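Values in this text are rule-based calculations from the coordinates and carry no lab data. A quick note: this is a predicted structure, and the numbers were derived from the prediction, not measured.
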Amino acid sequence: MEGQRWLPLEANPEVTNQFLKQLGLHPNWQFVDVYGMDPELLSMVPRPVCAVLLLFPITEKYEVFRTEEEEKIKSQGQDVTSSVYFMKQTISNACGTIGLIHAIANNKDKMNFESGSTLKKFLEESVSMSPEERARYLENYDAIRVTHETSAHEGQTESSSPSSSQPHSSHCRTKASSLCHHASLPWVKRNHVGPAKATSPSLRLRRWRPFLRLPSLGLHSVAPSLDEKVDLHFIALVHVDGHLYELDGRKPFPINHGKTSDETLLEDAIEVCKKFMERDPDELRFNAIALSAA
């Protein structure tokens, strides 16, 4: 992916919520951590949920699957409602921002925007554009770019501060590798099993490790340069017209994952997340945040 490159955002609800606030979104909906896939951990997520963002590693196994999936859909077709707002990604390290745009744009009727909201203006101006046109429009939309950079710097500054409780985790789609550091609270970590030999689905799901605040450990304490490449990527999972859609700007079109509802979106989205994890059983670098009613 050539062209513009932005600093990556953190997988951190505080950063994403502040970012959206700066773009003029009223905080009646807020991103929160998803601590695990088990029912008791999902029950901790405030309801209703209108979107889930998944952070996952771009691996060779995933790229093989992505190519096969695209070829299958092009051959067999799929139903995608015209109501889905979808945009391509042409800016390196912008997957976090594009994930947020996908989450808000497909729930615009639920959101309250402040007067003069930059995000509302972008959505209204791009509503009739194609996914490719929206991507090009974002490239030149300085108000969102500047806010993105400010949020990226703020998150990294927090993580580098001696008094901060957050190790930095930068992520977005580029080619090479920079490992993300995740951590778990003790009551979550006790369910962790090693990546190599977990064979049953119930064990695989226990590898889920949320990005949580810990005392400063000196991990990624220096903000990465624009040229630093990472291999983690954000996608959005949203409910539109009774179906669950995966929205990934690296893909040519939305992916329809079947029926869902406002009441079951979180559980249905987590089922999709499980499939990502099962395709890469040796990987631990998965994380999710949910857009919940505040």
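Quick notes
- What the phi angles of region 242-255 give under the Karplus curve with 6.51, -1.76 and 1.60, with θ = phi - 60°, is a coupling list of x, 10, 9, 10, 8, 10, 9, x, 7, 9, x, 7, x, 10 Hz, glycine and proline written as x.
- Set of aspartates and glutamates with alpha-carbon distance to residue 21 below 12 Å, sequence-local pairs under 8 removed: 114
- Full-stretch length increase - residue 43, residue 82 - with 0.36 nm per residue and alpha-carbon distance subtracted: 10.8 nm
- Largest to smallest principal axis extent of the C-alpha atoms in region 39-136, angstrom: 45, 42, 29
- Alpha carbon centroid spacing (whole Å) that separates region 39-99 from region 109-123: 23 Å
- Fully extended contour minus Cα-Cα distance, from residue 60 to residue 121, at 0.36 nm per residue: 18.1 nm
- Listed pairs 88/274; 72/259; 74/121; 61/110; 74/120; 74/275 exceeding 31 Å between Cα atoms: 74/121; 61/110; 74/120
- Put simply, the amide H of residue 243, placed in the peptide plane, has neighbours under 5 Å in 260, leaving out anything fewer than 5 places away on its chain.
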